[in-house]
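Worksheet for the structure shown next.
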Amino acid sequence: WPFHAPLVHEINRLKRERNAVILAHNYQTPEIFHGVADIVGDSLALAARATETDADVIVLAGVHFMAETAKLLNPAKTVLIPDTGAGCSLAESITAADVRLLRERYPGVPVVAYVNTSADVKAEVDICCTSGNAVEVVESLGAPRVIMLPDEYLAKYVATQTSVEIIAWKGHCEVHERFTGDEIREFRGRFDELIVIAHPECPPDVLEAADFVGSTARMVDFVADRRPPRVLMVTECSMSDNVAAASPETEFVRPCNLCPHMKKITLANILDSLRTLEPQVTIAPEVADRARRSVERMLAVKP
Ligand code: 13P
Ligand code: SF4
C-alpha cells in the first residue's frame, strides 16, 4: 500500500479536477477497489449506478462490455476504459450476425443477452440480463421458450430455476469454466465446515457441488449476512481479497483463477486515462439506440 499511495493520491486529486467517478467491478484488485473506486459492485449494480451519477467523466475499472453499458446509459458523458484490450471470452463468443441467424432458426422466440456481450449484439436482442437478475428477466417475457446467450452454463443454471424452456448458446467464461466439481470436493475434504459459494458461470457439476450460487454482489452479501467461519468463493481471485478486508472473522480458502482481462486495469493506466481523457468508449448511434433499449428493459425488470 505505501507503494501505491502516490498513485492513489494523484488519481483522487484528478477525479475532483475532472469531475470524474470511478466505477469498479468486484474483480478489480484491492488497491483499485478500496483505494480509488467511488462505486463498486457486480455488473448489474455498475449499470444501475451508472444512470445515477452527475459526474462529467466515468472511468470504468472493469472490462470493455461494462464500459460500453455505461456509455449506452450516459451517451452525453465521457466514458473511459483504461485499457481497450480488457475484453471477455463470453462477449467474444458471439456476433450480431450469429443472433440474426438464431432468430431465423427460432422465429418468434425472444432473445435474452447476458450483459457480457458487445453493443452490436445487445442491439439485436429483446432484453439484457446479468447473473443477478437472469431468472426474473427470463420470466418477465411471459414466453414458453427463450433463447439465452452467450453463456451456456448461466443458461443451464437458469433452466434449473424456472419452468421456461431455455435454448442456450455455447459461450463460456474462460475463468469459471476451469473449475471442476472434483476440485470443490477435494477442498471440502481438506477443510472442515467449508461453505462453498459459486458464480453461475461455472460448469453445472461445480454448481451442484456448491452450497450457494449467485452473482458477485450476491456472494458479497452472503458473506456479510451469514458470516461463515470458512468460505470458498468459486470465482475470480480478487473477490476474496476484496471481501476479506470487510470480513476479518471469516477464513477465505482461495482457489485462484485470474481474469486476464480484468487484470489489464491498473492504477497506472487509470491515472493515464484521467490525465489524457483517453481511451474513450464510442458506439455508433444507430447501434447505441437499439442496444440501450435492451439494457433499459432489463433495468425496468430488476435494477
Ligand atoms: P457479475 O455480474 O456477477 O459481477 O459477473 C460479471 C462477470 O464478468 C463474472 O465473470
Ligand atoms: Fe468475462 Fe469471465 Fe473475465 Fe468475467 S471473469 S470478464 S465473464 S472472462
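Taken together, the values in this text are just the output of simple stated rules run on the coordinates, not laboratory data. No experiment lies behind these values; they were computed from the predicted model shown. Heads up, the Cβs are rebuilt from the backbone with ideal geometry, glycines too, and the neighbour counts pull from every protein chain shown.
Between D225 and E139, the contour length at 0.36 nm per residue exceeds the alpha carbon distance by 28.2 nm. Length gained on full extension, A268 to D289: 4.2 nm, using 0.36 nm per residue less the C-alpha separation.
Using θ = phi - 60° in the Karplus curve 6.51 cos²θ - 1.76 cosθ + 1.60, the 3J(HN,Hα) couplings for segment 51-64 round to 7, 9, 7, 9, 5, 7, 10, 10, 9, 9, 8, x, 9, 4 Hz; x is entered for Gly and Pro. Taking θ as phi - 60° and the Karplus parameters 6.51, -1.76 and 1.60, the scalar couplings of segment 131-141 work out to 5, x, 9, 4, 5, 4, 5, 4, 6, 5, 7 Hz in sequence order, x denoting glycine and proline.
The calculated pair-distance distribution of the chain uses every alpha carbon pair, bins of 20 angstrom beginning at 0, and gives 34, 57, 8 percent. Distances between every pair of Cα atoms in segment 146-303, grouped in 10 Å steps from 0 to the bin holding the largest one, split as 9, 29, 32, 22, 7, 0 percent. In plain terms, the chain is cut at each of the chymotrypsin sites (Phe, Trp or Tyr not before Pro) found in a DSSP loop with at most 15 other Cβ atoms within 10 Å, and the longest leftover piece is 4-190. As a calculated quantity, the FRET efficiency between K302 and A245 at R0 = 35 Å, using C-beta atoms, amounts to about 0.80. Between L277 and T162, the distance separating the two model label sites (each 7 Å from Cα on the Cα→Cβ line) works out to 4.2 nm. Net length available on complete extension from R178 to E208 is 9.3 nm, with 0.36 nm assigned per residue and the Cα-Cα distance removed. For the chain, set up a GNM with springs between Cα atoms under 10 Å and report which of S93, S215, S140 has the largest fluctuation. Judging by the Gaussian network model, the answer is S140. What residue among E17, E236, E92 has the largest mean-square fluctuation in a Gaussian network model of the chain, using Cα springs under 10 Å? In this elastic network of the chain, the residue with the biggest mean-square fluctuation among E17, E236, E92 is E17.
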